[in-house]
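Notes to accompany the following structure.
The values are calculated or read from the model by the stated rules, or taken from the named source; none is laboratory data. Remember, it's a predicted structure, so these values are computed and weren't measured experimentally. Cβ sites come from the backbone with ideal geometry, for glycine too, and all protein chains shown count toward neighbours. Calculation scope for accessible area: heavy atoms of the full protein, side chains included, ligands and nucleic acids excluded. Shrake-Rupley method; radii C 1.70, N 1.55, O 1.52, S 1.80 Å.
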Amino acid sequence: LQISLVYAQAVPIEVQVIQASREPGGGVDPAIGPLVRELQRDFAYTSYRLLETHRGQVSPQSPWRTVIAGGRDLSVALVKVDGGRVELHITTPRVNTRVSLHRGGQPILLGGPPHGAGVLIMAISAR
């Protein structure tokens, strides 16, 4: 059942910002344990560390904006609500994409810009 965006409620969003690198002895931050399998399957890094977690809400009338590691702007806009799925438009200085995900389901992983000795990866979920 597709819901018109005019009537859609605000959707809670969570963004985990992870630094991925090939640093020797870096390992995996236990705080991102549930994401390890997907991270290792999708990205060729050996070290994953959670830098920060951001929470907000996105609605049809109001995109959600925050600043992530390295002072980078992140914007999330609600494109469509379709039953238990939401479509979001994600933008940062290096990312401009639409994603579709299940509310309460697994986060979607987006590779991002270089950061320190590695890169940023964003794990984005909708509640």
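Can you say what percent of the DSSP beta bridges in the chain, counting only those with both residues inside, are antiparallel? Round to 5. It would help to have the intermediate numbers written out before the result.
On the way: 48 of 50 bridges.
Approximately 95 percent, going by the DSSP bridge assignments.
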Theoretical gain in end-to-end length, residue 65 to residue 21 [0.36 nm per residue, Cα-Cα removed]: 13.2 nm
Whole number in Å², please: accessible area per residue of the chain, 1.4 Å probe, ligands, DNA and RNA not counted. 53
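Percent of accessible area on region 42-127 owned by carbon and sulfur, 1.4 Å probe? Numbers along the way, then the final one.
Values: 1900 of 4160 Å².
Carbon plus sulfur share of accessible area: 46 percent.
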Rounded, prolate or oblate: which fits region 38-113, taking a ≥ b ≥ c as square roots of the Cα gyration tensor eigenvalues, rounded meaning a/c under 1.5, else prolate when a/b beats b/c? oblate
Whose amide H sits under 5 Å from the amide H of residue 80, counting only residues 5 or more places off or on another chain, with H placed in the peptide plane? 87
Give me the net charge for the shell around residue 93: Cβ to Cβ below 10 angstrom, other residues only, Lys and Arg +1, Asp and Glu -1. +1
Using a Gaussian network for the chain with springs between C-alpha atoms less than 10 Å apart, which of these wobbles most: 117, 77, 20? 117
Which net charge results for the neighbourhood of residue 77, defined as the other residues with beta-carbon distances under 12 angstrom from its beta-carbon, given Lys and Arg at +1 and Asp and Glu at -1? +2
Compute the length gained on full extension between residue 106 and residue 43: take 0.36 nm times their separation in residues and subtract their Cα-Cα distance, giving the result in nm to one decimal. 21.0 nm
